[in-house]
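S.K.: Sharing a structure with you now.
The values are calculated or read from the model by the stated rules, or taken from the named source; none is laboratory data. Since this is a predicted model, take the numbers as computed values, not measurements. Here the Cβ is made from the backbone with ideal geometry for all residues, glycine too, and neighbour counts use every protein chain on show.
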Amino acid sequence: MGNDVNVRVEIWQGDNLPILRSFPEGGFDLVYIDPPFNTGKAQSRPRLKTVRDDQGDRNGFKGRRYRTVHLGQESFADDFDDYTAFLRPRIEQARRLLSPRGSFILHLDWREVHYAKVLCDGIFGRQSFMNEIIWAYDYGARSRRKWPAKHDNILWYAKDPKRYTFRYQDMDRIPYMAPGLVTAEKAARGKTPTDVWWHTIVSPTGREKTGYPTQKPLAILNRIIRIHSNPGDRVLDFFAGSGTTGEAAARNGRHAVLIDSNPAAVEVMAKRLAFAKPTINPGTPPLLPSSGMRSPGLSEAGASR
């Protein structure tokens, strides 16, 4: 793990709203969420594994043969009657939980991003809106009836638009699209990204895949966490899914708190983040006997780091 920080990773299983309400104010430096996109469908992805088998139906390196084993199906419902009513109290909690220099990153797609932008403007203030980032990819089926949707929308809000963490010096560099138009030195160094990020989705057969539906690429979360937080900062993702935020945080020397209501997601995260030795908290945190407040667990311990 990077940055010589002894990171702490905590996974909560349960409804995120009561868990969020149990955490003390200002305890996180970055909140990233990738909530359900309200597609109106059940999101699912088969879990596959390739194994050596002399009678298999696939050829591999040096003529070896393999077969694909189906390990089951991961899925969740993605349909809400009133999506903004669902998001509002959770985004209000996200703002409450941010430190003074903290940032909130909301990852959606074309279906709900416009409504979410208006909602977030009301919660954070329009002056706190910093960027809309377009994550563009060219993968999957093509429509014959309209332009194919091949991008996601990422909204960035700063709790205080006059002071926030933005580590420009840690930004990765990308190749120039027309290297012949710049000096050889510039072409070799590359350029910093704009607000349009080109990156493919997680390959269903690649090494990064976990088998969890809607998994996001680690490179996208690496960039967000490196730029919008400092080593030793605390990162929160309360729609944690496959745990990509947790892996990016831990490998970049940040602490992470991950929440998801889906037991399958918690199982995937626990396995994926085993290198960071996460603590698992099933259900809503217990009430503290003396105050009636719910125990904040890691969130309180992290405040004195």
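S.K.: Across segment 220-250, which residue is nearest to Lys271 (Cα to Cα) among those that are assigned to a strand (DSSP E or B) and not β-branched (Val, Ile, Thr)?
M.R.: So the residue we want is Asp237.
S.K.: Which pairs have Cβ atoms under 6 Å, sit 6 or more apart or on different chains, and link a residue in segment 136-153 that is farther than 18 Å from Glu112 by Cα to one that is of a type outside the set (A, V, I, L, M, F, W, C)?
M.R.: Short answer, once both residue conditions are applied: Tyr137/Lys150; Tyr137/Thr200; Asp138/Lys150; Tyr139/Thr200; Arg142/Pro148.
S.K.: Taking the criterion of being touching a Cys at 6+ places or on another chain (Cβ under 9 Å) and modelled with pLDDT of 95 or more, would at least one residue in segment 152-165 satisfy it?
M.R.: Yes, there is a match, as at least one residue in segment 152-165 is touching a Cys at 6+ places or on another chain (Cβ under 9 Å) and modelled with pLDDT of 95 or more.
S.K.: Look at segment 162-192 and say how many of its residues are within 14 Å of His228 (Cα to Cα) and of a type in the set (Lys, Arg).
M.R.: Total meeting the criteria: 2.
S.K.: Limited to segment 251-280, what total is found for residues that are β-branched (Val, Ile, Thr) and in a helix (DSSP H, G or I)?
M.R.: 2
S.K.: Which residues, counting only those in segment 104-116, are surrounded by fewer than 18 Cβ atoms within 10 Å (Cβ to Cβ) and either within 27 Å of Pro24 (Cα to Cα) or of a type in the set (Lys, Arg) (or both)?
M.R.: Arg111
S.K.: Taking Arg101, is it in contact (Cβ under 8 Å) with a residue 60 or more places away in the chain and surrounded by 14 or more Cβ atoms within 10 Å (Cβ to Cβ)?
M.R.: yes
S.K.: If you don't mind, there's one more thing I want to ask. Which ones in segment 124-163 are at positive phi and among the basic types (Lys, Arg)?
M.R.: Answer for segment 124-163, where residues must be at positive phi and among the basic types (Lys, Arg): there is none.
S.K.: Mind listing whichever residues of segment 96-119 are part of a helix (DSSP H, G or I) and touching a Phe, Trp or Tyr at 6+ places or on another chain (Cβ under 6 Å)?
M.R.: Result: Leu97, single match.
S.K.: For a quick check of your reading of the model, give me the residue pairs whose first member lies in segment 157-178 and is free of Cβ contacts under 8 Å to residues at least 40 places away in the same chain and of a type in the set (D, E, K, R), whose second is surrounded by 11 or more Cβ atoms within 10 Å (Cβ to Cβ) and not in a loop (DSSP other than H, G, I, E, B), with beta-carbon atoms closer than 7 Å and at least 6 apart or on different chains.
M.R.: Arg173/Arg189; Arg173/Lys191
S.K.: Quick check on segment 260-288: of everything there that is of a type in the set (Gly, Ala, Ser) and at pLDDT 90 or above, which residue is surrounded by the fewest Cβ atoms within 10 Å (Cβ to Cβ)?
M.R.: Filtering first and then ranking leaves Ala274.
S.K.: Could you check, for segment 123-134, whether at least one of its residues is outside any loop (DSSP other than H, G, I, E, B), at pLDDT below 95 and surrounded by 14 or more Cβ atoms within 10 Å (Cβ to Cβ)?
M.R.: No, every residue in segment 123-134 fails to be outside any loop (DSSP other than H, G, I, E, B), at pLDDT below 95 and surrounded by 14 or more Cβ atoms within 10 Å (Cβ to Cβ).
S.K.: Which one of the conditions (1) part of a helix (DSSP H, G or I); (2) at pLDDT 90 or above does Thr194 fail to meet, given that it meets all the rest?
M.R.: Looking at each condition in turn, Thr194 falls short on (1).
S.K.: Another question, then. So Ser291 passes all but one of these: (1) at pLDDT below 90; (2) assigned to a helix (DSSP H, G or I); (3) more than 18 Å from Gln93 (Cβ to Cβ). Which condition number does it fail?
M.R.: In the conditions (1) at pLDDT below 90; (2) assigned to a helix (DSSP H, G or I); (3) more than 18 Å from Gln93 (Cβ to Cβ), Ser291 misses (2) alone.
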